[in-house]
Structure formats: structure tokens, C-alpha cells
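A.B. asks: Handing you a structure now.
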Amino acid sequence: MNEILKILPFFLLSILGCKAQDNKPADFIPSGYLEFEKHFGDLNKDGLKDCVLIVKKNDSANITLNQFDKKVDRNRRGIIVLFKNEKGYQLADKNYDCFSSENEEGGVYFPPELSIEIKNNKLYIHYEHGKYGNWVYNFRFQNSNFELIGYDSISNSGLVKLTETSINFLTKKKLVKENKNAESGDESCTETWSKIVIEKLIKLSKIKDFDGLNMYNY
């Protein structure tokens, strides 16, 4: 019996150690938040499937009435990026409230739809606004952070493209394609290249609100 009592603490430590090494994405969600979406893909070129969590605050104070007197959840959303390794996952980057609620008012139209894509070891944050167009933020892991290296947007009027903008923050170049014949339904565009001024790249963790991230300043 004494021998069993002696080895029991080591047995328990062994179990706890194994459990700690087998952590799950949900273990990184802070108190007061819920999982909203989950995406997998290689973000650091090691061949392993990393994880991107979209989380949503869970605060009853942010349940409000919309213009139709219907209860809607206005809690903001955030992002957690996890790198996969032999022990499970490790935190790579986070920003708990950089995205507005999916239930924000859209004015005369519905609000833009947020989506996440992992492609070519990069993180893409998409916004789709139906017939009005779309825009995409391109992040890459470097300098121990996810940094904004590219931006692309398309502005439409119905089915006709008005403008297309592409910014490369690494080369500091901006391309704007403008359709000056939109009224006739023609989509032949003029191209204008320019240099942008930027002192340092924008970090994902430092963005207070994507809604206020104005790319027209570049």
C-alpha cells in the first residue's frame, strides 16, 4: 500500500503533463468569450495545420433592440491565431475585439459579411458587401507578429465595376483601376500607380476596429 502511495503523485503528474501537452484551441478562449468560427491552415510554413479562432464576447449588456424592436446580439468579435506544434497549440497573436458584431445596422443595406481565409501561408480577412463590392486585408507572420502586407478592394455600382484598388505595403506601391465609362456599362479601366508613405507595417494585434481602418489614407 505504501509503495502505491509513493508512486501515485508521479502517476498524477504524468497524466497532467500529458494533458497539458495536448491542449486544444478552445483552451485559449478567454473567460467571457465564446467560439464564433474556427479555421485551419498552415500560417508559418512548417506544414502543420494552425488554427484561427474568431471569438465573440458574451455580455448580456450588449443585447439590445434593433430598429424593428427585435433583440440582437451586439457583442463585438475578435481573433486568436494559434500555431500547431508537437505539444498541441501555442498562441501566435490575438486581438479580442477588433471586429464589430455581425448584427450591426447596415443602413439601407445589410452590413458587410466577415470571412477568414488561410492561403499560401497568409491570413486573409475578407469583407463582402454584395453588389457594392468587397475588400480584403492580407496578413503575414513576420517579426513575431501578423503584419498587414496587402490590401485589395473592389467598388461596384450594381453589376458594373467602378474602381479596383490594390496596395502592397512591402513595395509601398498602390494601383488604382478606375472605370470612367460606368454609366454606359463599359468596364474598360484606366490604371494609376503611385507610391505610398508608411513608416511601419500595421500589426493585427494593434488594430482597434477594422471598421475604422481607412485605406484611402495611403
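Only the coordinates and a few stated rules stand behind these numbers; no lab work does. As the structure is a prediction and not an experimental result, all values here were calculated from the model. No Cβ is skipped: glycine too gets one built from the backbone with ideal geometry, and neighbour counts run over all protein chains shown.
A.B. asks: Round to a whole angstrom and tell me the spacing of the C-alpha centers of the range 133-172 and the range 115-130.
C.D. replies: Going from one Cα centre to the other spans 10 Å.
A.B. asks: Related question: Could you tell me which residue out of P25, A92, V160 lies farthest along the dipole of the range 25-217 toward its positive end? Charges go on the beta carbon: Lys and Arg +1, Asp and Glu -1, centred on the Cα centre.
C.D. replies: A92
A.B. asks: Which of the trypsin sites (Lys or Arg not before Pro) across the range 138-216 are loop residues per DSSP, with 16 or fewer other Cβ within 10 Å?
C.D. replies: Filter output for the range 138-216: K172, K180, K200, K208.
A.B. asks: Beyond a 22 Å Cα-Cα separation, which of these cross-linked pairs lie in this structure: K38/K122; K131/K177; K173/K203; K94/K177; K49/K174?
C.D. replies: K94/K177; K49/K174
A.B. asks: Still on this model: Can you work out ³J(HN,Hα) from phi for every residue in the range 41-46, in order, using Karplus 6.51 cos²θ - 1.76 cosθ + 1.60 and θ = phi - 60°, giving whole Hz and x for Gly and Pro?
C.D. replies: After applying 6.51 cos²θ - 1.76 cosθ + 1.60, I find x, 7, 10, 10, 6, 9 Hz.
A.B. asks: Now a separate question. Rounded to the nearest 10 degrees, what's the angle between the helix 2-21 long axis and the longest principal axis of the chain, both from Cα atoms, 0 to 90?
C.D. replies: That works out to roughly 10 degrees.
A.B. asks: Around Y33, with a cut-off of 14 angstrom between Cβ atoms, what is the net charge of the other residues, counting Lys and Arg +1 and Asp and Glu -1?
C.D. replies: 0
A.B. asks: While we're on this one: What does the helix-only formula give at 222 nm for the chain: each DSSP H stretch with n ≥ 4 adding -39500 (n - 2.57), the total divided by the residues, and the result rounded to the nearest 500 deg cm²/dmol?
C.D. replies: Here the helix-only value at 222 nm equals -3000 deg cm²/dmol.
A.B. asks: So for the chain, averaging the separation of alpha carbon pairs under 8 Å that are six or more residues apart and normalising by length, what relative contact order in percent results?
C.D. replies: That works out to 13 percent.
A.B. asks: Can you work out the Karplus-derived ³J(HN,Hα) for every residue in the range 28-33? Use 6.51 cos²θ - 1.76 cosθ + 1.60 with θ = phi - 60°, whole Hz, and x for glycine or proline.
C.D. replies: Computed from phi, the couplings for the range 28-33 are 9, 7, x, 4, x, 10 Hz.
A.B. asks: Quick one: what does P(r) look like for the chain with 5 Å bins over all Cα pairs, in whole %?
C.D. replies: 1, 6, 11, 14, 15, 14, 12, 9, 7, 4, 2, 2, 1, 1, 1, 0, 0, 0, 0
A.B. asks: Something else about it: 5 Å is the cut-off here: which amide hydrogens, built 1.01 Å from N in the peptide plane, fall below it relative to R76, excluding neighbours closer than 5 in sequence?
C.D. replies: Those qualifying (amide H under 5 Å, at least 5 residues apart or on another chain) are K57.
A.B. asks: Ok, one more. On a full-extension model of 0.36 nm per residue, what is the gain between V197 and K49, subtracting their alpha-carbon distance, rounded to one decimal in nm?
C.D. replies: Difference between extended and current length: 49.8 nm.
A.B. asks: Could you work out the longest stretch of the chain that avoids the GluC sites (Glu not before Pro) located in DSSP loops with at most 12 other Cβ atoms within 10 Å?
C.D. replies: It works out to 106-198.
A.B. asks: Okay, moving on. Given points 7 Å out from each Cα along the Cα-Cβ axis, report the E113 to Y216 separation in nanometres with one decimal.
C.D. replies: According to this spin-label approximation, the distance is 2.5 nm.
A.B. asks: In terms of modelled amide H atoms, which long-range or inter-chain residues lie less than 5 Å from the amide H of D97?
C.D. replies: Amide H to amide H, under 5 Å and 5 or more residues apart or across chains, D97 pairs with I79.
A.B. asks: Also: Give the long-range amide H neighbours of F169: residues separated by 5 or more places, or on another chain, with amide H under 5 Å away, using H modelled in the peptide plane at 1.01 Å from N.
C.D. replies: G150, Y151
A.B. asks: What does the charge count around W193 come to, taking other residues whose C-beta lies under 10 Å from its C-beta (Lys +1, Arg +1, Asp -1, Glu -1)?
C.D. replies: +2
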